[in-house]
Amino acid sequence: MVERFVAYLRVSTARQGQSGLGLEAQRSAIAGYLSAAARELLDEFVEVESGKNADRPQLAAAFQACRLTGARLLIAKLDRLSRDAGFLLGLEKAGVEFVAVDMPHANRLTIGIMAVVADEERRMISARTKAALAAAKARGTVLGGYRGGPNVDNRLGTAAAMRRADAFAERVGPTIEAMQAQGLSLGAIAEQLNERQIRTARGGRWAAMSVKRVIERRAAH
């Protein structure tokens, strides 16, 4: 099975960006990692920005490419993302897995740290909830309600599906609109999306009709 990656390179100063210093070393490290069998580079994003600044549009674009293609983010060094540990933990919220060439197992460590933190938060929330319920009971508040089982509202599931479809349309919509601006037909757009290995909302291949649905969904909002 081929592992797919989206590369992200960052330099801290405009001078480094213009000269290529720093970028060349990162590209070399990434190329070395990709030289192993069954590894494919889908795209590359380059940012000129300080590691202390979390507002990085090229990193956001790289995240978007990873989400659309199911690829993993590939960086030469862990500090190319950020020197801020809190920001690194925020990668989990982006829903993107990453690999750092200099520390290939760092992603597992990050997830482990987050799991510990999440577990501690759950424990604290549970303890606070139990304390609040005990206090309410002591005040004579009647706790609980109907115990015959949950009342299921099927509309909630439908609404959730609609929200997911809307969110997907917002992610892939700009890419489709850019292709439309080039005069491509729905079928041609579907072919381009498939060639770029961008998946549909259900993880399948694109067809003219699925492209049309995304366009119509965006137009309706």
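Read-outs: derived from the displayed coordinates by stated rules, not from any lab. Computed from a prediction, not measured in an experiment: that's the story for all the values here. Using ideal geometry, Cβ is built from the backbone for each residue, glycine included, and neighbour counts are taken over all protein chains shown.
Table for the structure above
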read-out: Interatomic Cα distance distribution for segment 162-219, bins of 5 angstrom, percent; value: 4, 21, 35, 28, 9, 2
read-out: Burial order of peptide ranges 131-139, 69-77 (average beta-carbon count within 10 Å, highest first); value: 69-77, 131-139
read-out: Spin-label pair ALA167/ALA220, simplified geometry with 7 Å Cα→Cβ offset, distance in nm; value: 1.8
